[in-house]
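Inspection log for the structure reproduced underneath, given as structure tokens.
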Amino acid sequence: QVQVVESGGGLVQPGGSLRLSCAASGSIRRIYDMGWYRQAPGKERDLVATITSSGSTRYADSVKGRFTISRDNAKNTAYLQMNSLKPEDTAVYYCNMNIAPPLQLNINQYWGKGTLVTVSS
């Protein structure tokens, strides 16, 4: 059993900052790619940022230069530092992790339940 739980969402004014966290727990041998996605009301879920196990990162064009993804492998945790937030960043943010269970060769994908970020004055 593996659980992935996001935290850190909330209400912030335009231009403000938030830091999201995503922690995995349970039967984990290794975590490969970690990622953040977001879904605004009435829209599809879109990629925000990903980070590989070696630390390579990728960002959506809309957040480049404002958001930073990072990870702490010892804590099985991913972070998303969001600066210079805009109203169009308002969405539910979801964490995605690719996790290998103990004693198995397969890699399973897990999603958190999401955390709401609202950017408004």
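The values are calculated or read from the model by the stated rules, or taken from the named source; none is laboratory data. The model shown is predicted, which means the values in this text are computed figures rather than measured ones. Heads up: the accessible areas ignore ligands, DNA and RNA and are worked out on the full protein's heavy atoms, side chains in. Shrake-Rupley method; radii C 1.70, N 1.55, O 1.52, S 1.80 Å.
Among the protein heavy atoms of the chain, carbon and sulfur supply 47% of the accessible surface, probe 1.4 Å, non-protein parts ignored. Take every Cα pair under 8 Å whose residues are at least 6 apart in sequence, average their separation, divide by the length of the chain, and the relative contact order is 36 percent.
Just checking the listed ones, Met34, Met82, Met97: in the Gaussian network model of the chain with Cα springs under 10 Å, the one fluctuating most is Met82.
For the chain, the solvent-accessible area with a 1.4 angstrom probe is 55 square angstrom per residue. Residues in segment 6-12 carry Karplus couplings, in order, of 8, 7, x, x, x, 9, 9 Hz; the curve used is 6.51 cos²θ - 1.76 cosθ + 1.60 with θ = phi - 60°, and Gly or Pro positions show x.
Comparing Gly15, Gly26, Gly35 in a Gaussian network model of the chain where C-alpha atoms under 10 Å apart are linked, the largest mean-square fluctuation is found at Gly26.
GNM remark for the chain: springs join alpha carbons under 10 Å apart, and the peak mean-square fluctuation among Asn106, Asn96, Asn83 falls on Asn106.
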